[in-house]
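The values are calculated or read from the model by the stated rules, or taken from the named source; none is laboratory data. These figures come from a predicted structure and were not determined experimentally. Counting neighbours? That spans all protein chains shown, and the Cβs are built from the backbone with ideal geometry, glycine included. Just the protein is used for accessible areas: all its heavy atoms, side chains included, with ligands, DNA and RNA removed. Shrake-Rupley method; radii C 1.70, N 1.55, O 1.52, S 1.80 Å.
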Amino acid sequence: MGEVKQKVKNSDCTTVAIRYRFVFETVGEKQELKFVPHKVRKLKVEHPKDEGEEELKPEAVVYEDDVEYLRSLDPKEWKSQDHYKVLGIQNLRFKATEEIIKTAYRKKVLKHHPDKRKALGEEVKADDDYFTCITMAYETLGNPSRRRSYDSVDPEFDNNIPGGAELKKDFYEVFSYYFDLNTRWSEKSHVPKLGGPDSSREEVEKFYSFWYDFKSWREYSYEDEEDKEKCQDRDERRYVDKLNKAERLRKKKEEMSRIRSLVDLAYSNDPRIAKIKQEEKERKLAAKRAKQTAAQAKKEEEERILREAQLLKEQAEAAERARIEAKRQEREVQKRALKKERKMLRDLCKANNYYADNSEENLVNMTGLESMCEMFSLTELEELNKNLSNNGKLAFAKALKDVKQRIEKEKQEVFEAAKQKCPDNNKEAVVKAIPDWNEENIQLLVKAVNLFPAGTNQRWEVVANFINQHGNFNSAARFNSKLVLAKAKDLQNTDFSKNNLKEVANKQAFDNFKKDKRNVLNVDESGISKKLDGVTLNGDSKKLSNGDVKVKQEVAWTTTEQQLLEQALKTYPASTPERWDKIAECIPNRSKKECIKRYKELVETVKAKKAAQAGVVSK
């Protein structure tokens, strides 16, 4: 490998390099060394153009002196003034050199200094004179750092981007103006030009690549609202500096967003980009068509196979849907038939007073009827309805017996399963029996639920312990929280509209109430008024004006009365007119006042329990 270099004697130095190689070739029996040059590529070499303009001399500049503008300035608002216009070089602005700025300042001093104007007989205010604005303009533009900050926010700079009617004009003329205008902010010295319609693809891509990665030196410290130099301590200076930096960053982001919007707008309207995209699109389209032509036969075959598979799948899905629908309809028919037979059974038993001779047997038969409806199948219900129509009470008794046997059988199966789960070495394991939910147990459950309302800590364990303590059970047969919760949900979900179980229970409760009231002595208050001298009754007597003492005996609330009160409170909510009058009518031998008093006592009891439980939980 080697290089050949040639220097051209010219104003510019140009080096031409030709790369070559040596190759051994066999000619006959000999090997010869030959020179084989590489293919020479022609490259276009562009010499950087001197874009710098001829530097202006201070004596060649025309300095303007706008006295009216100077007199209109407010020294306190010097930051908002146009410093270039104050010095009379507003036409040069950022192109003005340091010498020009110094010369302009000297000229302003010679003409507008307070001493000069006083000598001419002009009245000058020391604290409020426009000469301060001239001094601040020179201090700003004479310092390179401050001038850079001011030039970044030059009020004469056009921050707009083309739009509307400008986009309809010549693209290259309009956007060249805006890109050349923003070139002054570039951190890099050599900024590519927009070019023209004859620019190559590489030049266009280089231009947009540069502007999409554009780095601007523009900063906004001149517009800081707070001056940290005026702060009293370090913490205040830090806080002010933090606020200023945040505001500068926000404005910097807005500036970069403006540049990006300008580049995006130019890119979307550039006819060269549209041409490049069209060429790229045509190239890709040609390649795509070639691939489509080559794979057309294969695609058609795959589509045919896919259609066949889809057809088979749809047929299978249709058959499966038909099977599921038929099965669902069958279940619906069976469900309706089962519902019909249950209704027929309930109506038949209700019409015959549940084949009972007294209220206790009626309640037992009603409970057994619900067990039949839950446990019997459709065939068994149909057969039972036929037998009831023919045999009546005998068929119903036989059905009750069958239900009891089934329940016992299920319990036995549970016991057997529990025994099998016990390990072989634990022969003495005790299997606990499940107690029955008779009428007494259900009443205890209702009472416990009312005593321990929702929100009680470990409510269902407390309810189970209450039932176990107040009920008569075998030592091995005790309720747990799961059994109590399940029974409570069952009672809550029971539909009493299908039978008169609630009606019978209320009637039985009222009968028990009348039995209890037979042993209570009804005393006429007017008959027990006695004249007692020196006798004081604690809380149960009222002294009349004539000295008589009226004794009032308070009768304790029985369980039946309590249940009737609770039921009446649920039946007549707080929004019911004359609520307590209606509640008092539901409870025999109890007045409206006594009902209200009893209700307040219950409310106080519940509040006390909740407060006690809250105290235990907090501990």
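Computed extension length for Thr183-Val62: 40.9 nm, one decimal, from 0.36 nm per residue of separation with the Cα-Cα distance subtracted. Each peptide among 579-585, 194-200 gets the average number of other Cβ atoms lying within 10 Å of its residues, and from highest to lowest they stand as 579-585, 194-200. Of the GluC sites (Glu not before Pro) found in the range 168-212, the ones in coil according to DSSP and having at most 16 other Cβ atoms within 10 Å of their Cβ are Glu187.
Given a Förster distance of 56 angstrom, what is the FRET efficiency for Glu55 paired with Lys299, based on the Cβ-Cβ distance and rounded to 0.05? Efficiency at R0 = 56 Å is approximately 0.20. In the range 131-223, the portion of solvent-accessible area held by carbon and sulfur atoms comes to 49 percent [1.4 Å probe, whole percent, DNA, RNA and ligands not counted]. In this simple spin-label approximation, Lys95 and Ile273 carry label points 7 Å from Cα along the Cα→Cβ vector, and these lie 3.0 nm apart. Modelled this way, with points 7 Å down the Cα-to-C-beta line, the labels at Ser377 and Asn352 are 2.4 nm from one another. In sequence order, the range 594-608 has phi-based couplings of 5, 5, 5, 5, 5, 5, 5, 4, 5, 4, 5, 4, 5, 4, 5 Hz under the Karplus curve 6.51 cos²θ - 1.76 cosθ + 1.60, θ = phi - 60°, and Gly or Pro positions carry x. Residues Ser149, Ser575, sorted by accessible area with the largest first, give Ser575, Ser149 [1.4 Å probe; ligands and nucleic acids excluded]. Placing His113, His470 in order of accessible area, with the largest value first and a 1.4 Å probe, yields His470, His113.
What is the distance in Å between the Cα centres of the range 559-589 and the range 236-256? Centre-to-centre distance over Cα atoms comes out at 74 Å. For the range 212-281, the spherically averaged projection of the C-alpha convex hull amounts to 6.3 nm². At the residue level, Met372 shows approximately 0 square angstrom of accessible surface with a 1.4 angstrom probe and all protein chains present. For the range 217-368, the alpha carbon positions stretch 107, 75, 23 Å along the principal axes, listed from largest to smallest.
When you filter the trypsin sites (Lys or Arg not before Pro) in the range 432-469 for DSSP loop state and at most 13 other Cβ atoms inside 10 Å of their Cβ, you are left with Lys432. May I ask for the Kirkwood hydrodynamic radius of the range 130-173, worked out over all distinct Cα pairs and given in angstroms to one decimal? About 13.3 Å, per the Kirkwood formula over Cα pairs. Based on the Stokes-Einstein relation at 10 °C and a viscosity of 1.306 mPa s, and on the Kirkwood radius from alpha carbon pairs, the range 102-155 is assigned a translational diffusion coefficient of 128 µm²/s.
When peptides 229-241, 132-144, 393-405, 316-328 are ranked by their average number of other Cβ atoms within 10 Å per residue, the highest-first order is 132-144, 393-405, 229-241, 316-328. In this calculation the C-beta distance from Asn450 to Glu247 is compared with R0 = 45 Å, giving a FRET efficiency of 0.05. Taking a threshold of 24 Å on the Cα-Cα distance, which of the pairs Lys193/Lys245; Lys76/Lys118; Lys168/Lys193; Lys76/Lys230; Lys79/Lys193; Lys118/Lys230 fall above it? In this structure, Lys193/Lys245; Lys79/Lys193; Lys118/Lys230 lie more than 24 Å apart at Cα. Taking the inverse of the mean 1/r over every pair of distinct Cα atoms in the range 302-405 gives a Kirkwood hydrodynamic radius of 16.6 Å.
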